[in-house]
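First comes the structure, then the notes that go with it.
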Amino acid sequence: MLLLPSPEDATEDQLRGAGCIWCETGPLSAETAIDFGEQKTLAGGSWFPRACLRCAAAWAHQGLFEHAPLCEQCTDEVSRCEIGLALYRLIRQGRRP
């Protein structure tokens with residue numbers, strides 16, 4: 001549900017996870033970032049996207065807005081949908097002080 005930007009458009013800091021993939025905030029730490037894990041590029045290489053908490057929350061909110069109306073589990077009980085619950089948790093994590 002969270003579409004990552006293309007690694008071809010990323011800066012060196014974004015490719016190695018030191019900068020936010022959406023706003024280039026950096027340097028990021030384990031406490032200030034959401035880690036999306038190792039991702040493969042079309043060329044067969046790897047990159048390590050991370051996002052600042054603010055951007056992760058904003059993108060998760062957009063993703064939940066698009067996902068929930070089309071998901072039967074979300075319309076019945078959001079806590080039963082793994083995707084909806086993960087997006088909700090990202091939103092809350094990004095809004096913490």
Under a plain spin-label model, where a point goes 7 Å from the Cα along Cα-to-Cβ, how far apart in nm are H67 and C23? 2.1 nm
Taking the chain, which GluC sites (Glu not before Pro) meet the DSSP loop condition and have no more than 12 other C-beta atoms within 10 Å? E31, E38, E77
Over the chain: helical MRE at 222 nm, DSSP H runs n ≥ 4 each giving -39500 (n - 2.57), nearest 500: -11500 deg cm²/dmol
Full extension from L85 to T11: what is 0.36 nm times the residue separation minus their Cα-Cα distance, to one decimal in nm? 23.6 nm
Assuming 0.36 nm per residue, please report the length gained on full extension of the stretch D76 to A30 beyond their Cα-Cα distance. 13.1 nm
Calculate, for the range 3-78, the solvent-accessible area per residue in square angstrom, rolling a 1.4 angstrom probe over the heavy atoms of the protein chains. 63 Å²
Can you tell me the 0 to 90 degree angle between the C-alpha axis of helix 53-67 and the longest principal axis of the chain, rounded to 10? 40 degrees
Once Rh for the range 25-66 is found with the Kirkwood sum over Cα pairs, what is the Stokes-Einstein diffusion coefficient at 10 °C and 1.306 mPa s, in µm²/s? 138 µm²/s
When the Cα atoms of the chain are enclosed in a convex hull and the volume is divided per residue, what value in Å³ results? 103 Å³
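The values are calculated or read from the model by the stated rules, or taken from the named source; none is laboratory data. None of these values were measured; they are calculated from a predicted model. For neighbour counting, all protein chains shown are included, and Cβ atoms are generated from backbone atoms with ideal geometry for every residue, glycine included. The protein model used for the area step is the full one, side chains on, heavy atoms only, and it has no ligands, DNA or RNA in it. Shrake-Rupley method; radii C 1.70, N 1.55, O 1.52, S 1.80 Å.
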